[in-house]
(Lines give C-alpha, C1' and ligand atoms only; values in the text may rest on other atoms or scores of the structure.)
Protein backbone atom coordinates (compact mmCIF):
# COMPACT_ATOMS: atom_id res chain seq x y z
CA UNK A 1 0.00 0.00 0.00
CA UNK A 2 1.32 3.45 -0.95
CA UNK A 3 1.25 6.25 1.59
CA UNK A 4 -0.71 8.65 -0.57
CA UNK A 5 -2.63 11.78 0.48
CA UNK A 6 -6.18 11.07 1.56
CA UNK A 7 -8.48 11.84 -1.37
CA UNK A 8 -11.39 12.90 0.83
CA UNK A 9 -9.29 15.06 3.13
CA UNK A 10 -7.67 16.81 0.18
CA UNK A 11 -10.97 17.75 -1.44
CA UNK A 12 -12.47 18.92 1.84
CA UNK A 13 -9.41 21.04 2.56
CA UNK A 14 -9.96 22.67 -0.84
CA UNK A 15 -13.50 23.56 0.17
CA UNK A 16 -15.09 20.98 -2.10
CA UNK A 17 -18.00 18.65 -1.38
CA UNK A 18 -17.29 14.91 -1.46
CA UNK A 19 -19.66 12.18 -2.58
CA UNK A 20 -19.87 8.74 -1.03
CA UNK A 21 -22.13 5.81 -0.43
CA UNK A 22 -22.50 2.84 1.89
CA UNK A 23 -21.68 -0.77 1.05
CA UNK A 24 -23.59 -3.57 2.74
CA UNK A 25 -23.03 -6.32 0.17
CA UNK A 26 -19.33 -6.78 0.98
CA UNK A 27 -18.73 -7.23 -2.75
CA UNK A 28 -15.35 -6.21 -4.20
CA UNK A 29 -17.12 -5.97 -7.56
CA UNK A 30 -19.47 -3.32 -6.16
CA UNK A 31 -16.42 -1.45 -4.86
CA UNK A 32 -15.07 -1.54 -8.42
CA UNK A 33 -18.30 0.11 -9.59
CA UNK A 34 -17.92 2.81 -6.95
CA UNK A 35 -14.55 3.65 -8.44
CA UNK A 36 -15.85 3.61 -11.99
CA UNK A 37 -18.70 5.93 -10.96
CA UNK A 38 -16.19 8.34 -9.45
CA UNK A 39 -17.29 8.18 -5.82
CA UNK A 40 -14.82 9.68 -3.37
CA UNK A 41 -15.45 7.20 -0.59
CA UNK A 42 -17.45 4.18 0.47
CA UNK A 43 -18.51 3.72 4.07
CA UNK A 44 -18.17 0.10 5.06
CA UNK A 45 -20.62 -0.78 7.79
CA UNK A 46 -19.47 -3.09 10.57
CA UNK A 47 -21.87 -1.77 13.20
CA UNK A 48 -24.92 -3.49 11.74
CA UNK A 49 -23.07 -5.66 9.23
CA UNK A 50 -21.38 -8.49 11.13
CA UNK A 51 -18.14 -9.25 9.27
CA UNK A 52 -14.92 -9.73 11.17
CA UNK A 53 -13.09 -11.96 8.72
CA UNK A 54 -10.96 -11.78 5.60
CA UNK A 55 -13.79 -10.13 3.66
CA UNK A 56 -12.97 -6.81 5.31
CA UNK A 57 -9.39 -6.79 4.12
CA UNK A 58 -10.46 -7.88 0.62
CA UNK A 59 -12.94 -5.02 0.45
CA UNK A 60 -10.36 -2.45 1.54
CA UNK A 61 -7.88 -3.76 -1.01
CA UNK A 62 -10.60 -3.46 -3.66
CA UNK A 63 -11.27 0.13 -2.59
CA UNK A 64 -7.58 0.98 -2.79
CA UNK A 65 -7.36 -0.53 -6.27
CA UNK A 66 -10.48 1.39 -7.36
CA UNK A 67 -9.25 4.74 -6.05
CA UNK A 68 -12.01 4.98 -3.44
CA UNK A 69 -11.30 5.92 0.17
CA UNK A 70 -12.69 3.16 2.43
CA UNK A 71 -14.21 4.53 5.64
CA UNK A 72 -15.11 1.92 8.24
CA UNK A 73 -17.90 2.39 10.73
CA UNK A 74 -17.03 0.48 13.89
CA UNK A 75 -18.75 -0.15 17.20
CA UNK A 76 -18.00 2.35 19.93
CA UNK A 77 -17.45 -0.19 22.69
CA UNK A 78 -14.20 -1.65 21.33
CA UNK A 79 -11.37 0.90 20.87
CA UNK A 80 -9.09 -1.76 19.43
CA UNK A 81 -11.26 -1.88 16.31
CA UNK A 82 -10.05 1.62 15.40
CA UNK A 83 -6.42 0.53 15.39
CA UNK A 84 -7.20 -2.64 13.44
CA UNK A 85 -9.19 -0.70 10.83
CA UNK A 86 -6.29 1.68 10.25
CA UNK A 87 -3.75 -1.14 10.13
CA UNK A 88 -5.60 -2.93 7.34
CA UNK A 89 -5.68 0.24 5.24
CA UNK A 90 -8.84 2.17 6.08
CA UNK A 91 -8.83 5.72 4.78
CA UNK A 92 -11.07 6.70 7.66
CA UNK A 93 -12.89 5.40 10.70
CA UNK A 94 -16.19 6.53 12.16
CA UNK A 95 -17.09 5.35 15.66
CA UNK A 96 -20.73 4.64 16.45
CA UNK A 97 -22.71 5.69 19.52
CA UNK A 98 -20.49 8.45 20.82
CA UNK A 99 -22.56 10.08 23.54
CA UNK A 100 -20.09 12.32 25.34
CA UNK A 101 -16.90 14.32 24.97
CA UNK A 102 -15.09 11.51 26.80
CA UNK A 103 -16.37 8.97 24.25
CA UNK A 104 -15.23 11.16 21.36
CA UNK A 105 -11.85 11.79 22.95
CA UNK A 106 -11.34 8.04 23.42
CA UNK A 107 -12.17 7.41 19.75
CA UNK A 108 -9.64 9.99 18.59
CA UNK A 109 -7.03 8.77 21.04
CA UNK A 110 -7.40 5.21 19.76
CA UNK A 111 -6.51 6.44 16.27
CA UNK A 112 -3.32 8.35 17.13
CA UNK A 113 0.12 7.21 18.20
CA UNK A 114 1.62 8.62 21.41
CA UNK A 115 1.95 11.38 22.44
CA UNK A 116 -1.31 12.35 20.63
CA UNK A 117 -3.08 9.14 21.54
CA UNK A 118 -2.77 5.56 22.73
CA UNK A 119 -2.63 3.58 19.49
CA UNK A 120 -0.19 0.69 19.69
CA UNK A 121 2.63 0.72 17.18
CA UNK A 122 2.94 -2.15 14.71
CA UNK A 123 3.95 -1.60 11.10
CA UNK A 124 3.79 -5.28 10.17
CA UNK A 125 0.42 -4.73 8.52
CA UNK A 126 -1.01 -3.77 5.12
CA UNK A 127 -0.93 0.01 5.67
CA UNK A 128 2.61 -0.27 7.04
CA UNK A 129 3.84 -2.21 4.01
CA UNK A 130 4.31 -5.26 6.25
CA UNK A 131 7.11 -3.47 8.04
CA UNK A 132 8.83 -1.95 5.01
CA UNK A 133 7.32 1.48 5.75
CA UNK A 134 8.14 1.41 9.45
CA UNK A 135 9.45 4.69 10.77
CA UNK A 136 8.56 8.36 11.04
CA UNK A 137 7.00 8.54 7.56
CA UNK A 138 4.36 5.91 8.28
CA UNK A 139 3.76 7.24 11.81
CA UNK A 140 3.15 10.76 10.52
CA UNK A 141 0.94 9.54 7.66
CA UNK A 142 -1.09 7.38 10.06
CA UNK A 143 -1.64 10.32 12.42
CA UNK A 144 -2.55 12.87 9.76
CA UNK A 145 -4.11 11.30 6.65
CA UNK A 146 -6.93 8.91 7.72
CA UNK A 147 -10.20 10.72 8.46
CA UNK A 148 -11.46 10.23 12.02
CA UNK A 149 -15.15 10.66 12.71
CA UNK A 150 -17.80 9.95 15.32
CA UNK A 151 -21.51 9.32 15.10
CA UNK A 152 -23.71 12.02 16.61
CA UNK A 153 -26.95 10.15 17.09
CA UNK A 154 -28.27 10.80 20.58
CA UNK A 155 -29.71 13.64 22.62
CA UNK A 156 -26.65 13.48 24.89
CA UNK A 157 -24.23 13.86 21.97
CA UNK A 158 -26.14 16.78 20.50
CA UNK A 159 -26.06 18.58 23.86
CA UNK A 160 -22.25 18.53 23.92
CA UNK A 161 -21.58 18.61 20.17
CA UNK A 162 -19.69 21.90 20.33
CA UNK A 163 -17.17 20.38 22.74
CA UNK A 164 -16.97 17.21 20.65
CA UNK A 165 -16.28 19.08 17.43
CA UNK A 166 -13.59 21.13 19.16
CA UNK A 167 -11.45 18.05 19.80
CA UNK A 168 -8.05 18.05 18.14
CA UNK A 169 -7.70 15.13 15.74
CA UNK A 170 -11.41 14.76 15.04
CA UNK A 171 -12.31 15.44 11.41
CA UNK A 172 -16.04 14.91 11.04
CA UNK A 173 -19.32 13.85 12.56
CA UNK A 174 -21.71 11.42 10.88
CA UNK A 175 -25.28 12.41 11.69
CA UNK A 176 -27.52 9.51 12.71
CA UNK A 177 -31.18 10.59 12.47
CA UNK A 178 -32.65 7.14 13.12
CA UNK A 179 -30.93 6.56 16.45
CA UNK A 180 -31.51 10.20 17.38
CA UNK A 181 -35.21 9.56 16.83
CA UNK A 182 -35.02 6.58 19.16
CA UNK A 183 -33.06 8.65 21.69
CA UNK A 184 -35.89 11.18 21.65
CA UNK A 185 -38.23 8.40 22.72
CA UNK A 186 -40.11 8.32 19.44
CA UNK A 187 -39.95 4.54 19.01
CA UNK A 188 -39.26 4.70 15.27
CA UNK A 189 -37.27 6.92 12.87
CA UNK A 190 -38.62 10.40 12.27
CA UNK A 191 -38.46 12.00 8.80
CA UNK A 192 -35.45 14.20 8.17
CA UNK A 193 -37.79 17.16 7.69
CA UNK A 194 -39.12 16.87 11.26
CA UNK A 195 -37.90 19.83 13.30
CA UNK A 196 -36.86 17.46 16.10
CA UNK A 197 -34.29 16.09 13.63
CA UNK A 198 -33.53 19.16 11.57
CA UNK A 199 -32.79 21.45 14.51
CA UNK A 200 -30.14 19.13 16.01
CA UNK A 201 -28.62 18.79 12.53
CA UNK A 202 -28.35 22.57 12.26
CA UNK A 203 -26.67 22.62 15.65
CA UNK A 204 -24.14 19.99 14.55
CA UNK A 205 -23.40 21.85 11.32
CA UNK A 206 -22.86 25.09 13.23
CA UNK A 207 -20.42 23.39 15.62
CA UNK A 208 -18.53 21.82 12.73
CA UNK A 209 -18.25 25.13 10.92
CA UNK A 210 -17.06 26.88 14.08
CA UNK A 211 -14.24 24.40 14.61
CA UNK A 212 -13.27 23.73 11.00
CA UNK A 213 -14.70 20.23 10.92
CA UNK A 214 -17.14 18.45 8.61
CA UNK A 215 -20.55 16.81 8.74
CA UNK A 216 -21.59 13.68 6.88
CA UNK A 217 -25.06 12.27 6.33
CA UNK A 218 -27.06 10.12 3.96
CA UNK A 219 -28.78 12.55 1.60
CA UNK A 220 -30.45 9.83 -0.46
CA UNK A 221 -30.88 11.55 -3.83
CA UNK A 222 -30.06 14.67 -5.84
CA UNK A 223 -32.70 16.82 -4.12
CA UNK A 224 -31.37 15.77 -0.71
CA UNK A 225 -27.79 16.48 -1.75
CA UNK A 226 -28.73 19.97 -2.90
CA UNK A 227 -30.63 20.70 0.32
CA UNK A 228 -27.99 19.50 2.76
CA UNK A 229 -25.08 20.99 0.83
CA UNK A 230 -26.86 24.35 1.11
CA UNK A 231 -27.12 23.78 4.87
CA UNK A 232 -23.38 23.16 5.15
CA UNK A 233 -22.97 19.38 4.90
CA UNK A 234 -19.78 18.60 2.98
CA UNK A 235 -19.72 14.78 3.04
CA UNK A 236 -22.82 13.61 1.19
CA UNK A 237 -23.80 9.97 0.96
CA UNK A 238 -26.21 8.71 -1.67
CA UNK A 239 -28.24 5.51 -1.39
CA UNK A 240 -26.37 2.39 -0.33
CA UNK A 241 -25.44 -0.32 -2.81
CA UNK A 242 -28.36 -2.55 -1.85
CA UNK A 243 -30.83 0.35 -2.04
CA UNK A 244 -29.51 1.45 -5.43
CA UNK A 245 -29.82 -2.05 -6.87
CA UNK A 246 -33.32 -2.51 -5.44
CA UNK A 247 -34.45 0.85 -6.82
CA UNK A 248 -33.17 0.02 -10.30
CA UNK A 249 -34.71 -3.44 -10.29
CA UNK A 250 -38.03 -2.16 -8.95
CA UNK A 251 -38.20 0.32 -11.81
CA UNK A 252 -37.47 -2.48 -14.27
CA UNK A 253 -40.28 -4.60 -12.86
CA UNK A 254 -42.64 -1.61 -12.92
CA UNK A 255 -41.80 -0.91 -16.56
CA UNK A 256 -42.35 -4.54 -17.51
CA UNK A 257 -45.73 -4.40 -15.74
CA UNK A 258 -46.70 -1.28 -17.69
CA UNK A 259 -45.70 -2.96 -20.94
CA UNK A 260 -47.76 -6.04 -20.09
CA UNK A 261 -50.77 -3.85 -19.29
CA UNK A 262 -50.51 -2.21 -22.70
CA UNK A 263 -50.24 -5.52 -24.56
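Does residue 223 count as closer than 27 Å to residue 243 by Cβ, surrounded by 15 or more Cβ atoms within 10 Å (Cβ to Cβ) and modelled with pLDDT under 95? Answer is no for this residue.
With respect to the conditions (1) modelled with pLDDT under 95; (2) in a helix (DSSP H, G or I), residue 142 falls short on a single one, namely (1). Can you tell which of 208, 230 is exposed (fewer than 13 other Cβ atoms within 10 Å of the Cβ), within 30 Å of residue 163 (Cα to Cα) and modelled with pLDDT of 95 or more? Step by step, each of 208, 230 is checked, and only 230 is exposed (fewer than 13 other Cβ atoms within 10 Å of the Cβ), within 30 Å of residue 163 (Cα to Cα) and modelled with pLDDT of 95 or more.
Here residue 218 passes the criteria (1) assigned to a strand (DSSP E or B); (2) more than 18 Å from the chain's Cα centre (by Cα) except the one numbered (2). The one condition from (1) closer than 19 Å to residue 24 by Cα; (2) touching a residue at least 12 places away in the same chain (Cβ under 8 Å); (3) surrounded by fewer than 21 Cβ atoms within 10 Å (Cβ to Cβ) that residue 250 does not meet is (2). When every residue of region 127-141 is checked against the conditions, none turns out to be within 19 Å of residue 43 (Cβ to Cβ) and in contact with a strand residue (DSSP E or B) (Cβ under 8 Å, 6 or more places away or on another chain). Of all the residues in region 47-67, those that are in contact with a strand residue (DSSP E or B) (Cβ under 8 Å, 6 or more places away or on another chain) and without any contact (Cβ under 8 Å) to a residue 40 or more places away in the chain number 3.
Looking only at residues of region 154-191 that are touching a strand residue (DSSP E or B) at 6+ places or on another chain (Cβ under 7 Å) and assigned to a loop (DSSP other than H, G, I, E, B), we find that the one that is nearest to residue 116 (Cα to Cα) is 169.
Going through (1) in contact with a helix residue (DSSP H, G or I) (Cβ under 7 Å, 6 or more places away or on another chain); (2) surrounded by fewer than 17 Cβ atoms within 10 Å (Cβ to Cβ) one by one, residue 140 falls short only on (1).
To keep it simple, each residue is scored yes or no on (1) surrounded by 16 or more Cβ atoms within 10 Å (Cβ to Cβ); (2) within 17 Å of residue 93 (Cβ to Cβ).
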| site | (1), (2) |
| --- | --- |
| 151 | yes, yes |
| 170 | yes, yes |
| 175 | yes, yes |
| 179 | yes, no |
| 193 | no, no |
| 198 | no, no |
| 203 | no, no |
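The residue list 68, 95 contains one member that is more than 17 Å from residue 21 (Cβ to Cβ) and in contact with a helix residue (DSSP H, G or I) (Cβ under 7 Å, 6 or more places away or on another chain), which is 95.
The values are calculated or read from the model by the stated rules, or taken from the named source; none is laboratory data. Just so you know, these numbers come straight off a predicted model, no measurement behind them. In this analysis, Cβ positions are derived from the backbone assuming ideal geometry, glycine residues included, and neighbour counts consider all displayed protein chains.
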